[in-house]
Every structure is written in C-alpha cells, then in structure tokens.
Amino acid sequence: MNFVFPPPLAVAVGVAGSAEYFPVHRVYCVGRNYVEHAKEMGFSGREAPFFFMKPADALMPVPEGQIGQLPYPALTSAFHHEIELVVALGQSAKDISVQDAGAIVWGYAVGLDMTRRDLQNEAKRQGRPWDSAKGFEHSAPIGPIHPIARTGVLDTGAIWLDVNGTRRQSSDLSRLIWSVNETLSHLSRIFDLAAGDLVFSGTPEGVSAVSRGDLMRGGIDALGELHVQVC
C-alpha cells in the first residue's frame, strides 16, 4: 500500500508495570454520570446516559511517576478539570447486555476530561456540537492502564482531584448514576465497540477552572495517581 505521505503513528497508552502499550481505537465519554455533578450542571441527576467523543490523538499519556505538561488551550478563559475513571476495552461488542458487559473490560486508568467550559456553554446555548470544547489537542490526559486481571472489577473506591494541594473533587465510584456495565451496554447499542476503545465514565461534582502553573493531582483507589501541570 502506497501512502501520499507517511501515516501517523498509532496512539497508545502505557500498561502499568509493563513495557507493553495499549493501542487506542476510539475515545468515548459519558456526560453527567454522577448525581451531584449532574445537579451542579443544572439537571436532575437521573437522565438517560448520553455520549460524546474525543479524537484518539487528543489523549495525553502521562507515564507513572511523571508530571504531564498540559498546554493551556487557545480561545478559552474557563479551562475546567474533570477527573474520571477510564475503562479500556479488550473485545468487540454490539448490543451487549448489562450482565455480559463486564467481560469486554480489559483494564482501567485515571483520566482527565479537560473542557473549555465557556465554549461548551456557548455551544449548548446555540444547540451546536461540543467538539471545540472537548476534542482539542491534549484534552484527555491519562495515566497508565491497569489490567483488570490485577485490579479486579472496580465498582467502588474513592475518586478525587486536588489542585495546588486543595481538594476540588471527591466522590466514590459507587455513586455513578449508570454503572460501567450499564454504560457499556447503552453505548454498544449506538456504536460497534472494539478492542482498543477507551470510555471516560463521567466526573463527580466540583469541576472548576485551572490556570497556567496549576498542578492537578488526581487518583482512584487501586489505580494510583495522575499528575498534570498546566503550562
């Protein structure tokens, strides 16, 4: 096969405790999937799940023990953090049941869904897509992926984020409105899921803006921490 120019390298995320990498196919995100965050965004907390996507190359992998350097994006004055459990899929699935959805999970990671909130709010007001608010470069910092074979199923456990040492977000995975399995089942009715897909499962309450120089330190029980500095 002859290409008119060299194709880009595959997007991949490191596997914790290994020299292996997880090749990324698509990146799905779940909106408003914690009750209190849904309320702070003006909703009741029990709407059906909805999804948006980020380009795979919007990921910013941060190796274990390092501090990722996140450029402050253009065209925003409200750059918000959203700490999330990321679910990595190891099998394809279509129209999968809630009971069977756990079988396609390969592992988990700590991730940040960074958002140009002012652009998102304007897009909502005009009924337009969120791409400019959610899908820009480096908008998805992510730590190493931990295989489920080592962590076990994560349906409970603390999830939190500090900015410059001050706690901003704090909740528990058990407070997801739609569990991981329910989310994957819903998603598989909309898209044909594939090995290599990542699913950002939603963020707890406490989202707020960061500025240049701010250090974000987030974590999830059993998955360690993700450190990212805005530059």
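The values are calculated or read from the model by the stated rules, or taken from the named source; none is laboratory data. Model, not experiment: these values are computed from the prediction. Neighbour counts are summed over all protein chains in view; Cβ atoms, including those assigned to glycine, are modelled from backbone coordinates with ideal geometry.
When region 157-199 is filtered for residues that are farther than 17 Å from M53 by Cα and of a type in the set (F, W, Y), the ones remaining, listed by number, are W160, W178.
Can A133 be described as touching a residue at least 12 places away in the same chain (Cβ under 8 Å) and in a helix (DSSP H, G or I)?
Answer is yes for this residue.
Selection of strands (runs of 3 or more DSSP E) fully inside region 159-231 by the criterion of at least 2 residues being out of contact with any helix residue (DSSP H, G or I) (no Cβ under 9 Å at 6 or more places or on another chain) and under 15 Å from N33 (Cα atoms) returns 166-172.
No other residue among F52, F5, F22 is more than 25 Å from G152 (Cβ to Cβ), hydrophobic (A, V, I, L, M, F, W, C) and part of a strand (DSSP E or B) apart from F52.
For A194, state whether it is in contact with a His (Cβ under 7 Å, 6 or more places away or on another chain), closer than 23 Å to A103 by Cα and surrounded by fewer than 17 Cβ atoms within 10 Å (Cβ to Cβ). Taking the combined requirement at face value, the residue satisfies it.
At least 2 residues being under 18 Å from the mean Cα position of the chain (by Cα), under 14 Å from L215 (Cα atoms) and modelled with pLDDT of 95 or more is the threshold, and among the strands (runs of 3 or more DSSP E) wholly inside region 57-111 those reaching it are 67-70. Can you confirm whether region 144-153 contains a residue that is within 17 Å of V30 (Cβ to Cβ) and modelled with pLDDT of 95 or more? No, region 144-153 has no match at all.
Per the conditions (1) of a type in the set (F, W, Y); (2) modelled with pLDDT under 95; (3) crowded, with 23+ Cβ neighbours inside 10 Å, the sole criterion not satisfied by W178 is (3).
Pairs linking a residue in region 9-31 that is of a type in the set (K, R) to a residue that is in a loop (DSSP other than H, G, I, E, B) and surrounded by 16 or more Cβ atoms within 10 Å (Cβ to Cβ), with Cβ atoms under 7 Å and 6 or more positions apart or on different chains, are R26/D197. For H138, the criteria (1) of a type outside the set (V, I, T); (2) under 15 Å from the mean Cα position of the chain (by Cα); (3) part of a strand (DSSP E or B) hold in every case but one, which is (3).
Can you tell me which residue within region 59-117, out of those that are among the aromatic types (F, W, Y) and in contact with a helix residue (DSSP H, G or I) (Cβ under 9 Å, 6 or more places away or on another chain), is surrounded by the fewest Cβ atoms within 10 Å (Cβ to Cβ)? Only one residue tops the list, namely W106. Just so you know, in region 138-163 the residues that are in contact with an Asp or Glu (Cβ under 6 Å, 6 or more places away or on another chain) and within 22 Å of V230 (Cβ to Cβ) include one that is surrounded by the fewest Cβ atoms within 10 Å (Cβ to Cβ), and it is V163.
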